[in-house]
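Quick notes on the structure that follows.
The values are calculated or read from the model by the stated rules, or taken from the named source; none is laboratory data. On a predicted model such as this, the values are computed, not experimentally measured, just so you know. Accessible surface is based on the protein model in full, side chains and every heavy atom, while ligands, DNA and RNA are left aside. Shrake-Rupley method; radii C 1.70, N 1.55, O 1.52, S 1.80 Å.
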Amino acid sequence: MQAKQLVLVPPKLLFSMMLKCPHCGKSPLLMAGSWINFSAGCKICNYKYEREIGYFSGASWMITYSVASLAAMGSGALMVWKYSELGDLVVAGVPATIGAFVALLFIPMGRSLWMYFDHRFHPLTEDDRLDDRP
Ligand SMILES: [Zn+2]
């Protein structure tokens, strides 16, 4: 039996932002009912989403936490500027909470964007097949 071919079309940023396969835009990245866990791969394009163990760690640190930090710093600056009469604990606690929620909300998008940029600069190869058959 012949293995499915690996589809090698360039990834599209819009598909990634919709949390769909960045190549075909049809397969959902997330497992059904999960906010964090990605599916094994795209069954249409036939490649693994997680190319190696720890593949999405870079997404968490470089994209998700950058966005969360910006949200926390922006809301902190706004609180200091507009609500300076509030106590220090409130001015520190509210932005920290906002940053934590933004991080939780942005995890799938960060992973998806990481996948898009990785595929853009490090295109898929036959080693990235979803089915491991030769
Ligand atoms: Zn696909």
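Miscellaneous remarks
- Accessible area of the chain belonging to carbon and sulfur atoms, whole % at 1.4 Å probe: 69 percent
- Probing with 1.4 Å while keeping every protein chain in the model, the per residue accessible area of the chain equals 62 Å².
- For Y83, Y116, the ranking by accessible surface with the largest value first comes to Y83, Y116, using a 1.4 Å probe.
- Evaluated over the chain, the count of Lys pairs having alpha-carbon atoms less than 26 Å apart is 13 (only pairs 8 or more residues apart or interchain).
- The C-alpha atoms of the chain define a longest principal axis, and helix 88-121 lies at about 20 degrees to it.
- Probe 1.4 Å - accessible area at V80, Å² to nearest ten: 90 Å²
- Convex hull volume of the chain per residue (C-alpha atoms, cubic angstrom): 114 Å³
- The stretch between A100 and S84, if pulled fully straight at 0.36 nm per residue, gains 3.6 nm over its current Cα-Cα span.
- With 0.36 nm allotted per residue and the present C-alpha distance subtracted, the A32-V91 stretch has 17.5 nm of extension available.
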